[in-house]
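What follows is a set of notes on a single structure, which appears directly below.
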Amino acid sequence: ASKAEGQNRLHIFEPGLLLVRRLRSQLLEDLRAAIRGEGLVMHYQPVVELATGRIEGVEALIRWNHPTRGFVMPDEFIPLAEEAGLISELGLWVLKEAVGQLRSWIADSVVDSRFSVRINISASDLQSLQFIEDVRGVLKETGVRPEQVVLELTEMAIVKGNELDRYSLAGLRGLGVGIEIDDFGTGYSSISYLRSLPVDRVKVDRSLIVGLGTDPAQPALVAAVLQLVRACGLEAVWEGVETAEQAEHLRSLGCLSAQGYFFSRPLPPEQIPAFVAAQSSRAT
Ligand code: C2E
Ligand code: MG
Ligand code: MG
Ligand code: MG
């Protein structure tokens with residue numbers, strides 16, 4: 001009886017599995033086409049200097065404009081791209097697009113030479129030595145100053161003690177680009193490890209500030225994180241600021257910069273010039 005049941009089950013599940021597989025391979029096909037065609041777009045979220053309100057830069061965030069599904073968010077398709085071996089192609093596309101965008105903003109005097117673009121890179125980008133060459137190539141082609149490009153890497157992406165990663169980080173830094181640890185506070189890196197990394201800044205994960213304004217214990221925690229980061233010789237950018245209260249709190253603690261829906265959602269590139277202009281007329 002159990003064998004018959006097993007066979008039944010197989011009959012029930014097989015079409016489902018096939019469907020999932022077909023859907024997946026269709027999605028991969030679409031993603032491949034999107035990378036090579038016009039299907040991917042970058043949005044840019046302003047990063048604000050808290051003391052002055054100046055827009056110090058933007059973070060480039062990828063979106064997939066799927067022909068039938070509409071906008072697909074990166075958390076949904078980046079893992080797919082990783083699995084399918086498409087991530088290096090995608091990474092190079094992002095690099096060219098974001099640095100190229102910065103170059104045209106500079107050329108149009110939308111932004112000045114202090115303005116930076118932050119680019120998220122995946123763990124496998126870091127693992128590949130080609131990536132360093134890609135960054136070098138894009139900088140050379142565009143003529144953008146390396147200090148105006150900051151690469152964001154998650155804590156998880158920096159494999160503890162991996163010599164290749166260390167080598168790649170040092171190589172990237174040798175090009176003059178900034179390196180920032182993203183989603184700081186969600187991984188497991190020890191303080192001594194953090195101190196030993198060739199990075200400039202950390203971007204504190206938004207989970208560390210959600211309670212600001214509601215949870216009485218939160219301000220002390222935020223202050224402690226800030227102290228820890230500074231004791232490591234680094235600076236912090238605070239991510240996920242959604243309320244005026246959170247922004248004011250971070251500012252009063254002496255935090256330098258922040259990013260979040262309170263200041264702006266990620267914007268399509270054509271909306272950045274007006275946003276920067278409005279903000280700089282207001283900045284002190
Ligand atoms: P991330 O680098 O930590 O980016 C921050 C995410 O938080 C973005 O989601 C952003 O839209 C969102 N966010 C910003 N401000 C707020 C806020 O105030 N509240 C809330 N709730 N969320 C906020 P998004 O664009 O969906 O990106 C998700 C993740 O996908 C990114 O996390 C990054 O790890 C990855 N990603 C995005 N673009 C790229 C890319 O071009 N390449 C690679 N490799 N990864 C990317
Ligand atoms: Mg990021
Ligand atoms: Mg983050
Ligand atoms: Mg994230």
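Before moving on, here are some points about what is shown:
- Remark: Asp205 matches the filter, which requires a residue to be in contact with a strand residue (DSSP E or B) (Cβ under 9 Å, 6 or more places away or on another chain), acidic (Asp, Glu) and within 14 Å of ligand 3 (Cβ to nearest atom).
- Qualifying residue in the stretch 111-131 (condition: more than 16 Å from ligand 2 (Cβ to nearest atom), crowded, with 21+ Cβ neighbours inside 10 Å and without any contact (Cβ under 8 Å) to a residue 60 or more places away in the chain): yes
- Number of positions in the stretch 177-216 that are among the small types (Gly, Ala, Ser), within 13 Å of ligand 1 (Cβ to nearest atom), open to solvent by 30 Å² or more (accessible area, probe 1.4 Å) and modelled with pLDDT under 90: 1
- Checked across the stretch 134-144, the condition of being open to solvent by less than 40 Å² (accessible area, probe 1.4 Å), within 16 Å of ligand 2 (Cβ to nearest atom) and among the polar types (S, T, N, Q) holds for no residue.
- Note on the stretch 225-267: residues that are open to solvent by 20 Å² or more (accessible area, probe 1.4 Å), touching a residue at least 60 places away in the same chain (Cβ under 8 Å) and farther than 20 Å from Glu152 by Cβ amount to 1.
- Qualifying residue in the stretch 17-26 (condition: touching a helix residue (DSSP H, G or I) at 6+ places or on another chain (Cβ under 7 Å) and either at pLDDT below 90 or surrounded by 10 or more Cβ atoms within 10 Å (Cβ to Cβ) (or both)): no
- Listing of helices (runs of 4 or more DSSP H) fully contained in the stretch 218-284 that carry 3 or more residues being in contact with a Leu (Cβ under 7 Å, 6 or more places away or on another chain): 218-231, 244-252
The values are calculated or read from the model by the stated rules, or taken from the named source; none is laboratory data. From a predicted model like this one, the values you see are computed outputs, not experimental measurements. Note: ideal-geometry Cβ built from the backbone for every residue, glycine included; neighbour counts use all protein chains shown. Surface areas here come from the heavy atoms of the whole protein model, side chains and all, with no ligands, DNA or RNA. Shrake-Rupley method; radii C 1.70, N 1.55, O 1.52, S 1.80 Å.
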